[in-house]
Amino acid sequence: MSLVIKEIKGRDYYYSFLSYRLVKKTKSFSRYIGLKKPTEKELRAIEDKFRTELIQKLSGKTYSCLLVDNDEVIKSLLFSVAFDKKYQKLTSLRRRKYDIDSMVRFTLTTLTTEEVDVDLSDVTNALIKASRLTLRERISKNMLSAIESIKRPHKLDKRYLLELHNTIMATFEVKNPGKLRERQVYLYRKGSLGSSNDRELRYRPPAHNKIVKLLGEFLQWYNKTDLNPVEKAAFAHYRLYKIHPFLDGNKRVCRLIFNKTLFDGKFPLINVSVNKDAYFEALIKSVETGNPKEFVEFVFKQYYQQVKIFLMS
C-alpha cells in the first residue's frame, strides 16, 4: 500500500494504492482519499478498510487471517480469480482433460508419497476400467473416488471423515479402514541410510482415548472458522495430522481435507506433496515446534507455483 498524490490544476488529490504481482502483470487498485493528506493513523485505518472491502469484493466473503496478512489473502484470491478466468475460457473438452490430468497426478503423487506401490499406468487404468482391476488399480480407483467426493458439497463431520478414510483404505483391511485407531502410534522421520536410521519425531500423537474429543474440537473449529481458504487448508492439514486419528492413511486423509477446503472456497486442486522432501520438512518442523508457520508458508508457496504453471501454459 502506498499514498499517491495527483496534482490537478495546482491542487493535490490523495489516493491509496494497492499493487499485486501475478504472473506477467501487476494488478492494481486505487481509492480516492480526499484533498487533505491523512495522518499516519488515518492512513492505516483507510488501508485496513480498503483491504477488507477488496477481500469482500473478490470473494463475496469476509475472511480472517492468522499467520499471513490481508495482502497475502488478496493475492491468493487474485490468483484464484485468474485461474478460474482461464479455466472457464477452455473448451469443455480441454477442461475435462485438465480435471482428469490433475486427478491422475494427485492420485499418483499422494499414493507414492506414502510409498504405496502404484504407477501411472495403474492410475490411468483405474480411470477406464470398471471391473477386473488389479490390487494396484483398486487402490488407485479408491483414491480417485475420494477426490470426486471432496469436489461435491459435504459438511465435514466425523461420519464423512470416516467415510473418506474407508474409501481410500478399503484395500488395506489390517489398517482398520473407516475406524479410529485404538492404540498409540508413533511418528518417524526416515534416515538417509534406510529404516535403521529412522528416528521418532519429537512430537508424539495423543493417546487413542483422547481422539474422539480432539476430533470433535477440530471439526467444530473447521466448521466455524472464517479463516481464508488457503490458510484454512494448511491449518486443517496441520491440526488433523497432529491428532493422527487413524492407524494409517492419515496424511492421505489430510491432503484430501486440504483440497476439500480449497474446493469449497472455489480454489483449484493443489498437489501439495508433489515436492515430497520439502512437504515433509515443512510439516515435520511445524509439528515438532508446535508452530504451523513453516507449513503455512510452504502451502502458500506451492499454491502460487502451481497456479502460475497453469496460467503460463
Number of positions in segment 132-162 that are among the polar types (S, T, N, Q) and part of a loop (DSSP other than H, G, I, E, B): 1
Qualifying positions in segment 246-295 - of a type in the set (A, V, I, L, M), over 27 Å from Ala207 (Cβ atoms) and within 14 Å of the chain's Cα centre (by Cα): Leu262, Leu269, Ile270, Val272, Val274
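Quick one: in segment 58-92, which of the residues that are of a type in the set (D, E, K, R) and in a loop (DSSP other than H, G, I, E, B) is farthest from Lys308 (Cα to Cα)? Quick ask: steps written out before the conclusion?
Going through segment 58-92, the residues of a type in the set (D, E, K, R) turn out to be 61, 69, 71-72, 75, 84-86, 89.
Next cut, in a loop (DSSP other than H, G, I, E, B) only: 61, 69.
Details: Lys61: 24, Asp69: 21 Å.
Only one residue fits best here, namely Lys61.
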Any hit, segment 184-202, residues being surrounded by 10 or more Cβ atoms within 10 Å (Cβ to Cβ) and within 14 Å of Leu161 (Cβ to Cβ): no
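Just checking, does segment 213-221 include any residue being within 27 Å of Gly265 (Cβ to Cβ) and touching an Asp or Glu at 6+ places or on another chain (Cβ under 7 Å)?
Applying the first criterion (within 27 Å of Gly265 (Cβ to Cβ)) to segment 213-221 yields 214-221.
Right, trim to touching an Asp or Glu at 6+ places or on another chain (Cβ under 7 Å) and you get 219.
Yes.
Across segment 110-124, what is the number of residues that are crowded, with 18+ Cβ neighbours inside 10 Å, assigned to a helix (DSSP H, G or I) and of a type outside the set (Asp, Glu)? Quick ask: steps written out before the conclusion?
The first filter runs over segment 110-124 and keeps only residues crowded, with 18+ Cβ neighbours inside 10 Å, leaving 110-111, 113, 116, 118, 122-123.
Restricting the remaining residues to those that are assigned to a helix (DSSP H, G or I) gives 110-111, 122-123.
Narrowing the set further to residues that are of a type outside the set (Asp, Glu) leaves 110-111, 123.
The total comes to 3.
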Subset of segment 164-184 [part of a loop (DSSP other than H, G, I, E, B) and under 11 Å from Phe246 (Cβ atoms)]: Met169, Phe172, Asn176, Pro177, Gly178, Lys179, Leu180, Arg181, Glu182
Qualifying residue in segment 272-285 (condition: on the phi > 0 side of the Ramachandran plot and in a loop (DSSP other than H, G, I, E, B)): no
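Evaluate the following for Leu262: is it closer than 15 Å to Phe106 by Cα and of a type outside the set (Ser, Thr, Tyr)?
Values: closer than 15 Å to Phe106 by Cα: yes; of a type outside the set (Ser, Thr, Tyr): yes.
When the stated conditions are applied, Leu262 passes them.
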Residue satisfying condition, being buried (at least 16 other Cβ atoms within 10 Å of the Cβ), farther than 30 Å from Lys151 by Cα, out of contact with any His (no Cβ under 7 Å at 6 or more places or on another chain) and not assigned by TED's automatic domain parsing to the domain that holds Lys308, within set Leu43, Leu78: Leu43
The lone exception for Leu269 - which of (1) surrounded by 17 or more Cβ atoms within 10 Å (Cβ to Cβ); (2) out of contact with any Phe, Trp or Tyr (no Cβ under 7 Å at 6 or more places or on another chain) it fails: (2)
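The values are calculated or read from the model by the stated rules, or taken from the named source; none is laboratory data. Remember, predicted model here, so these are calculated numbers, not experimental data. FYI the Cβ positions are ideal-geometry reconstructions off the backbone, even for glycines, and counts take in every protein chain you see.
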